[in-house]
1. Applying the selection to the range 241-255, what residues are within 18 Å of residue 14 (Cα to Cα) and touching a residue at least 24 places away in the same chain (Cβ under 8 Å)?
2. Taking the criterion of being among the hydroxyl-bearing types (Ser, Thr, Tyr), out of contact with any Phe, Trp or Tyr (no Cβ under 7 Å at 6 or more places or on another chain) and in a helix (DSSP H, G or I), would at least one residue in the range 198-215 satisfy it?
3. Return yes or no: is residue 182 farther than 27 Å from residue 33 by Cβ and either buried (at least 23 other Cβ atoms within 10 Å of the Cβ) or not assigned by TED's automatic domain parsing to the domain that holds residue 109 (or both)?
4. Return a yes/no flag: does the range 312-332 have any residue that is under 22 Å from residue 211 (Cβ atoms), at pLDDT 95 or above and touching a Leu at 6+ places or on another chain (Cβ under 9 Å).
5. Against the condition in the same structural domain as residue 161 (by TED's automatic domain parsing), crowded, with 16+ Cβ neighbours inside 10 Å and assigned to a helix (DSSP H, G or I), how does residue 191 come out, does it pass?
6. If a residue has to be surrounded by 13 or more Cβ atoms within 10 Å (Cβ to Cβ) and in a strand (DSSP E or B) to count, how many in the range 132-149 make the cut?
7. Quick one: which residue in 91, 114 is assigned to a strand (DSSP E or B) and of a type in the set (Gly, Ala, Ser)?
8. Looking at the range 150-167, can you tell me whether even one residue there is more than 24 Å from residue 222 (Cβ to Cβ), under 30 Å from the mean Cα position of the chain (by Cα) and outside any loop (DSSP other than H, G, I, E, B)?
Amino acid sequence: MTELKSAVTPRAALLVLGVLLLQLGFITSYVGALHHPAPHKLSIAVVAPEQVSPKLVEALNSAPNDAVKAVTAPDAETATQQIKDQKVYAALVFNPTAKEDTLLVGGARGPSAAKAAETITTALDAKQGRTVVVHDVVPLAKGDTNGLSSFYLVIGWCVGGYLVASILGISAGSKPANVNRLLIRLGALAVYSVVAGLGGTIIAGPILDALPGSILALTAIGALVVFTVGAFTMALQCLFDIIGIGVAVLIFVVLGNPSAGGVYPDPMMPPFWRAIGSIIPNGAGTSVTKSIAYFDATNIAVPILVLVVWALVGIGVALLAVLRGPRSGGRELAPATA
């Protein structure tokens, strides 16, 4: 018993308990978010004559569990542009001269959302003795069959961000000894972020041909994602020492990955994950990356702002922690003063 107590200290026992809680949280978050995708307020535009349009909108909006949020569009061209501008996920174009309607979808925004729109509109038209033909106006690239390349690219960037911050903290102390050393760490993180952003972009783009889009723009977003996650992880380490790494895993892995909108877009996610996805760097980064690759960089202002805010909060918290007092738990020492 004495050897057991000396081998497993109370601190180690608490850390093991924390790991167990993280593991169970991981399982809960991933299974909870991804086990049963169902549409919720999936935006579908309706293009139809004035005498038909209100009935179609009402029929779509009456889908169970608020599955659809139907709006109207004046014509197919406008509806197509709304899909490309990421304002709606699909558009049902009614054909007044025949019994075959057209469903316009943007497959690049999420194959599951496109499939859900097809299922809903097909069932609606079937009740009226009509059929639906699907036309993808924003198809996925040939090398991005399931539309997951942008998601996994961002997840790789996030992993690099919190790992490099963790390594710096473990090797040189969780809290830098002074402001100068904090700035050195942030500078090293910035250099690493640019290299990681460029490397990830080249692998996903020219090498694997898995993701289209501007190399410069994707590199910039990749660098911002890596730096944001790394800076915030540094702040957590300054506040909580080694436990800060666990908190970073909780935020960016347990919560951030399943809610990022990679496997399923927002309308297909359960309420909790749908609510947090866009305000965590994983989801914001995935949204921007996908927009650059497929949607001419539309609707990127808000997710970029999310990333910048997280980065600034991380820098600010780390700076305040360094200014408030001496580092605890690390090995980095301030230079001796006379």
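The values are calculated or read from the model by the stated rules, or taken from the named source; none is laboratory data. Bear in mind the structure is a predicted one, so any value in this text is a computation, not a measurement. Ideal geometry is used to build each Cβ from the backbone, glycine not excepted, and the neighbour counts take in all protein chains shown.
1. Residues of the range 241-255 within 18 Å of residue 14 (Cα to Cα): 241-250.
Once the filter is applied, which keeps residues that are within 18 Å of residue 14 (Cα to Cα) and touching a residue at least 24 places away in the same chain (Cβ under 8 Å), the range 241-255 yields 241, 242, 243, 244, 245, 246, 248, 249, 250.
2. Step one: list which residues in the range 198-215 are among the hydroxyl-bearing types (Ser, Thr, Tyr), which gives 201, 214.
Of the ones still in play, those that are also out of contact with any Phe, Trp or Tyr (no Cβ under 7 Å at 6 or more places or on another chain) are 201, 214.
Now drop any that are not in a helix (DSSP H, G or I), which leaves 201.
Yes, because at least one residue in the range 198-215 is among the hydroxyl-bearing types (Ser, Thr, Tyr), out of contact with any Phe, Trp or Tyr (no Cβ under 7 Å at 6 or more places or on another chain) and in a helix (DSSP H, G or I).
3. On the way: farther than 27 Å from residue 33 by Cβ: yes; either buried (at least 23 other Cβ atoms within 10 Å of the Cβ) or not assigned by TED's automatic domain parsing to the domain that holds residue 109 (or both): yes.
So residue 182 passes the test.
4. no
5. On the way: in the same structural domain as residue 161 (by TED's automatic domain parsing): yes; crowded, with 16+ Cβ neighbours inside 10 Å: no; assigned to a helix (DSSP H, G or I): yes.
Here the answer is no, as residue 191 does not meet what is asked.
6. From the range 132-149, those surrounded by 13 or more Cβ atoms within 10 Å (Cβ to Cβ) are 132, 134-141, 143-144, 147-149; that's our starting set.
With the extra rule that they be in a strand (DSSP E or B), the set shrinks to 132, 134-136.
Matching residues across the range 132-149 total 4.
7. Values: 114 fails: assigned to a strand (DSSP E or B).
On inspection, the qualifying residue turns out to be 91.
8. Of the residues in the range 150-167, the ones more than 24 Å from residue 222 (Cβ to Cβ) are none.
No.
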